[in-house]
Amino acid sequence: MREETGLLRRPDGTALAWRRIAGRGPTVVWMGGFRSDMAGTKAEALAQWALQTGRGYVRFDYFGHGESEGDFTQGTITRWREDALAVLDELAPGPVVPVGSSMGGWIACLAAMVRPDQVRGLVLVAPAPDFTEKLMGPEIDSAARRSLAETGVWMRPSDYGEPYPISRTLLEDGDRWSILPGPVPITAPVRILQGGEDADVPWRHALELAQAIKSPDVVFQLIKDGDHRLSRPEDLARLIAAVEELVQPPA
C-alpha cells in the first residue's frame, strides 16, 4: 500500500493538489486549516495511521494553499467549500469521515450539511466556524478598517510568523456561510477535540458549535493544557482514537 498524488482540475482551470491512500472505508478526508496545508503534523499522522491499518484516506490543499494553484488573497469560504465538495465527489465518492482542523472544521460542517448521506461522522479539531466574523471581526481596528476600505486587504498580525493578507472579499463572503448560533443540521456522530489554552479558537467558541449541532451523538473533549495546533504525541493519539471510533461499523 502506498500514497498516490495527483491534481484535481477545477472549473476555473486551477488545480487542487491531493494525496490518496486506497483502503477500507469509510474514507477519512483531511480538511486543513486557514493558511495550512496537507503536509502538517496531524495530516501526516493520519496518513501513517491509514497506511498501517489499511484505511482509505484523502488529503488535499485548498485553492491558494500549499501545493495547490491560485492566489491565496482571492480565496473565500465559498471557494474552499466548493473545493472540499469536489474532493468528496471525485476522490472519495463513498462514505466518508471528514476530519476538519480549525477553519477546516467549518468547511467540514458545511460539506456535511449538503452531503448528509455520504458523511458517516465528523472529527473536528479546534473548529473555527464563522471565524471571519466572530474571531477576526473583533480584531479589526480603525487602521485595519481603513486599509480594507482603501486597498481591500488587511495585513493581519500572526503569532506564527509575518503578517498575512485578509481580503475584504473573504470577510464579506464568510457572512453568507455563518452557522452559529445554530441549529446546525448535522445528524451524524461528531467528535470535537479542543485545547483549553487555544489562543486562536477559544474553547467556548468550539463548545457553542457542539451545542448547536443537532446530532444527539456529539462528544466534546477539552484538553485543558492543549494549544490550537494539538500536535503533541498525546494529542495525535486522541485524534486517531476519535477517527478510529467513527470509521468502525455501527453497532
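All of the numbers you see were taken from the coordinates with simple rules; none came from a lab. Here the structure is a predicted model, which is why all the values come from computation and not from measurement. Cβ placement follows ideal geometry from the backbone for every residue including glycine, while neighbour counts extend to all protein chains displayed.
Observations
- Result for the chain in a Gaussian network model with C-alpha springs under 10 Å: among Leu16, Leu209, Leu135, the largest mean-square fluctuation is at Leu135.
- Cα long-axis angle, helix 103-114 against the chain (0 to 90 degrees, to the nearest 10): 60
- Between Asp227 and Arg176, the FRET efficiency estimated from the beta carbon spacing at R0 = 41 angstrom works out to 0.85.
- For Leu207 and Glu133, the difference between the fully extended length at 0.36 nm per residue and the C-alpha to C-alpha distance is 24.9 nm.
- The mean sequence separation of alpha-carbon pairs under 8 Å and at least six residues apart, normalised by the residue count of the chain, gives a relative contact order of 17 percent.
- Global geometry of the stretch 166-251, whether rounded, prolate or oblate, following the gyration tensor of its Cα atoms and the 1.5 cut on a/c: oblate
- Val28, Val247 arranged by Cβ crowding within 10 Å, fewest neighbours leading: Val247, Val28
- C-alpha center-to-center spacing [the stretch 192-228, the stretch 1-68] in angstrom: 24
- Taking θ as phi - 60° and the Karplus parameters 6.51, -1.76 and 1.60, the scalar couplings of the stretch 35-45 work out to 6, 9, 8, 7, 9, x, 4, 5, 5, 5, 4 Hz in sequence order, x denoting glycine and proline.
- Charge dipole (debye, nearest 20) of the stretch 18-108; +1 at Cβ of Lys and Arg, -1 at Cβ of Asp and Glu: 400
- Candidates Ala84, Ala50, Ala212, ranked by Gaussian network fluctuation over the chain, Cα under 10 Å, top entry: Ala212
- Cα gyration tensor shape for the stretch 137-197, rounded if a/c is under 1.5, else prolate or oblate: oblate
- Expected 222 nm ellipticity per residue - DSSP helices of 4 or more, -39500 (n - 2.57), all of the chain, to 500: -10500 deg cm²/dmol
- Highest-fluctuation residue, Glu69, Glu150, Glu139 considered, GNM on the chain with Cα pairs under 10 Å: Glu150
- Cα-based helix-to-principal-axis angle, 77-90 vs the chain, degrees rounded to 10: 20
- Placing unit charges on the Cβ atoms only, positive for Lys and Arg and negative for Asp and Glu, gives the chain a dipole magnitude near 560 debye about its Cα centre.
- Largest first, the three principal axis extents of the alpha carbons in the stretch 78-186 are 47, 28, 23 Å in whole numbers.
- Computed extension gain for Ala143 through Arg2, at 0.36 nm per residue and net of the alpha carbon distance, reaches 45.8 nm.
- In the stretch 1-99, the trypsin sites (Lys or Arg not before Pro) that fall in loop regions by DSSP, at most 16 other Cβ within 10 Å: Arg2
- Across the options Cys109, Ala143, Thr78, the greatest Cα extent toward the positive end of the charge dipole of the stretch 1-158 (unit charges at beta carbon of Lys, Arg, Asp, Glu) belongs to Cys109.
- Simple label model, 7 Å out from Cα along Cβ direction - Arg24 to Tyr160, nm: 3.3
- For Thr169 and Glu244, the difference between the fully extended length at 0.36 nm per residue and the C-alpha to C-alpha distance is 23.2 nm.
- Pair Ala15, Lys214: separation of 7 Å Cα→Cβ label points (nm): 4.0
- Crossing angle, helix 142-151 versus the chain [Cα axis fit, 0-90 degrees, rounded to tens]: 90
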